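Working notes for the structure below.
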Amino acid sequence: MSFVFFDTETTGLRRGFDQIIHFAAIKTNNDLVEIDRFEARCRLLPYVVPNPAALRIGGRTIEQLTDKDLPSHCAMVGNIQRTLINWSPSIFVGYNSIRFDEHMLRHALFQTLRPAYLTSNHGNGRADALTLMMAASALSPAAITVPQAPDGRPTFRLGPMASANNVMHALAHDAMSDVSAMIELCRLVHERSSDVWQRFVRFSNRNAVRDFVDSGDGFIFTEFFGGEAYHAPVVCVGLDPSTSAGRFCLSLDSELERLASASDGELQALLAVKASPMRQLRVNGAPTITALFDASDEMLNGKSVDELEESARRLREDGELCRRLVASYVAGRKPWPPSPYVEQRLYDGFPNWADEHLCSEFHEVNLVDAYAAVERMQDDRLRAFGLRLVYLEDKSVLTGEARLTVEREFSGRLVDDGPDGYSLQLALLETDALLAGEPGSQVLSGYRAYLVDRIERVRRYMKNQLGIDDAGRTS
């Protein structure tokens, strides 16, 4: 199986609202020898407001991001999609990618009317090099050196990890440089700890995780908080009804008799505590899991394998208790309210077959026919993104009403400072705060000038073209 190591540089951390501006990937063979590499950049979308901290960390000026010679975001994402499909099947590996880069890539694909789950389909596996580093530190500490942060706690950030392990990392926060450093760190684990590496590769496959977790046997589930590893002997007690990939696992350190005798209300309270005995994992999330017979004494928490296996067997045989555990835990979860923002609705469901076909057609026809395809889409998320894409390519193709809809949406994004928005004005305030501590920063000074100009132009446009004053009133 080949590997694809990848990294994204973005305008910020807001999934769905920020955008990828630099993508890099290296394909290797099973021995981590490079086969091919790919890199792509794009210009800033007109309705995205970069976070000034992201610009400062990456060292990118606003002039670089708005360079008209750069490809559009849609064109870049198309190139990424074609390359990664051509490299499939592979195991896709990033550094903190399961929590961040994967989501940014999915949003980018979805918002350009492409299938979002590229790394989960096409026979691919998914894994995270950050988790690998943490697992190696916990399970095979001789494999890597883990540096300490100023507060004395271990830090697994890519830059310090590379430095501590004598790995070349010339350009931190450059996507290709980050990918190269990530591969070198993975090579250390590959060479020095075959057990950790083989487990990492095995459980990059969701079917392997599903079969292992659903077998009924107990196992060790390792989670990482603040760079520290926490091992829990668990057994799977049921599926998460909200997602086919979700599993609920109960800690075998729990007082099973107390849980079994509790009323439904008491059981819900016992499972809702901060240090809940219930653990959640996703079979497609490359979890760190270990068979009981492979676990160290530390991971077993003072119990024998025989004791834990017996507890797991008893629990799994009590189908009614497993059912009550799942029902009580689900009942105690807070509902996730639907978002009013189309950017945050990627996970609200899959498009139907007809809309998927229209999305494919969108990229194969001329712009007039592409607009017609958008108009026939049933999924309102796809219609909204499709209108944006047509507008950005040539707004004259749209009807006057559709053009006005997009322009209202764009201007709204730029002035919205609600809980899910990030406005030009908020970016200006944060830029000024950063400049107070770094007054000579050319990146921040240039961005501030851009923001001041942008704010004035947006206000003028909203007043003159949309009839909206500074208070948001329509004339």
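The values are calculated or read from the model by the stated rules, or taken from the named source; none is laboratory data. Fair warning: this is a prediction, and the values are worked out from it, not measured in the lab. Note: ideal-geometry Cβ built from the backbone for every residue, glycine included; neighbour counts use all protein chains shown.
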Query raised in the report: If the Cβ limit is 6 Å and pairs must be 6+ apart or interchain, which residue in the range 1-12 that is in contact (Cβ under 8 Å) with a residue 40 or more places away in the chain and assigned by TED's automatic domain parsing to the domain that holds Met176 pairs with which residue that is in a loop (DSSP other than H, G, I, E, B) and acidic (Asp, Glu)?
Result: Thr10/Asp18; Thr11/Asp18; Gly12/Asp18
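Could you pull out the residue among Arg60, Arg37 that is closer than 28 Å to Arg413 by Cβ, among the basic types (Lys, Arg) and either outside the structural domain of Gly412 (by TED's automatic domain parsing) or touching a Phe, Trp or Tyr at 6+ places or on another chain (Cβ under 9 Å) (or both)? If you could, list the steps in order and put the result at the bottom.
Values: Arg37 fails: closer than 28 Å to Arg413 by Cβ.
Step by step, each of Arg60, Arg37 is checked, and only Arg60 is closer than 28 Å to Arg413 by Cβ, among the basic types (Lys, Arg) and either outside the structural domain of Gly412 (by TED's automatic domain parsing) or touching a Phe, Trp or Tyr at 6+ places or on another chain (Cβ under 9 Å) (or both).
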Report task. Determine which single condition Val365 fails, assuming it passes every other condition in (1) part of a loop (DSSP other than H, G, I, E, B); (2) touching a strand residue (DSSP E or B) at 6+ places or on another chain (Cβ under 7 Å). Result -> (2)
**Report entry** The lone exception for Tyr329 - which of (1) touching a residue at least 60 places away in the same chain (Cβ under 8 Å); (2) part of a loop (DSSP other than H, G, I, E, B) it fails
**Finding:** (2)
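Return yes or no: is Ile80 within 27 Å of Gln344 (Cα to Cα) and among the β-branched types (Val, Ile, Thr)? I'd like the intermediate steps shown before the answer.
Numbers: within 27 Å of Gln344 (Cα to Cα): yes; among the β-branched types (Val, Ile, Thr): yes.
Yes: the conditions hold for Ile80.
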Query raised in the report: Name the pairs whose Cβ atoms lie under 6 Å apart, with the first residue in the range 258-285 and basic (Lys, Arg), the second assigned to a loop (DSSP other than H, G, I, E, B), and 6 or more positions between them or separate chains?
Result: Arg282/Ala245
Query raised in the report: Hey, any hits in the range 377-388 for a residue that's of a type in the set (Phe, Trp, Tyr), at negative phi, surrounded by fewer than 17 Cβ atoms within 10 Å (Cβ to Cβ) and in a helix (DSSP H, G or I)?
Result: no
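Output the residues belonging to the range 207-230 that are of a type outside the set (A, V, I, L, M, F, W, C), in contact with a Ser or Thr (Cβ under 8 Å, 6 or more places away or on another chain) and more than 20 Å from Arg99 (Cβ to Cβ).
At the first step, the residues of the range 207-230 found to be of a type outside the set (A, V, I, L, M, F, W, C) are 207, 210-211, 214-218, 222-223, 226-228, 230.
From what's left, in contact with a Ser or Thr (Cβ under 8 Å, 6 or more places away or on another chain): 218, 222-223, 227, 230.
Gly218 - this is the single residue of the range 207-230 that is of a type outside the set (A, V, I, L, M, F, W, C), in contact with a Ser or Thr (Cβ under 8 Å, 6 or more places away or on another chain) and more than 20 Å from Arg99 (Cβ to Cβ).
Table: residues versus (1) modelled with pLDDT under 95; (2) touching a helix residue (DSSP H, G or I) at 6+ places or on another chain (Cβ under 8 Å).
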{"residue": "Asn29", "(1), (2)": "no, no"}
{"residue": "Arg56", "(1), (2)": "yes, yes"}
{"residue": "Arg60", "(1), (2)": "yes, yes"}
{"residue": "Cys74", "(1), (2)": "no, yes"}
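Got at least one residue in the range 308-327 being loosely packed, with under 13 Cβ neighbours inside 10 Å, among the basic types (Lys, Arg), within 29 Å of Ser242 (Cα to Cα) and not assigned by TED's automatic domain parsing to the domain that holds Arg460?
yes
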Report task. Output the number of the condition that Leu13 fails; it satisfies all remaining conditions of (1) within 25 Å of Ala170 (Cα to Cα); (2) surrounded by 20 or more Cβ atoms within 10 Å (Cβ to Cβ). Result -> (2)
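Can you pull out the residues in the range 305-319 that are part of a helix (DSSP H, G or I), in contact with a helix residue (DSSP H, G or I) (Cβ under 9 Å, 6 or more places away or on another chain) and either free of Cβ contacts under 8 Å to residues at least 24 places away in the same chain or under 13 Å from Leu256 (Cβ atoms) (or both)?
Taking the range 305-319 as the starting set, the residues that turn out to be part of a helix (DSSP H, G or I) are 305-317, 319.
Checking which are in contact with a helix residue (DSSP H, G or I) (Cβ under 9 Å, 6 or more places away or on another chain) leaves us with 305, 308-309, 311-312, 314-316.
Val305, Leu308, Ser311, Ala312, Arg314, Leu315, Arg316 - these are the residues of the range 305-319 that are part of a helix (DSSP H, G or I), in contact with a helix residue (DSSP H, G or I) (Cβ under 9 Å, 6 or more places away or on another chain) and either free of Cβ contacts under 8 Å to residues at least 24 places away in the same chain or under 13 Å from Leu256 (Cβ atoms) (or both).
Within the group Arg153, Arg114, which residue is more than 14 Å from the chain's Cα centre (by Cα), among the charged types (D, E, K, R) and modelled with pLDDT of 90 or more?
Details: Arg153 fails: modelled with pLDDT of 90 or more.
Matching residue, one of Arg153, Arg114: Arg114.
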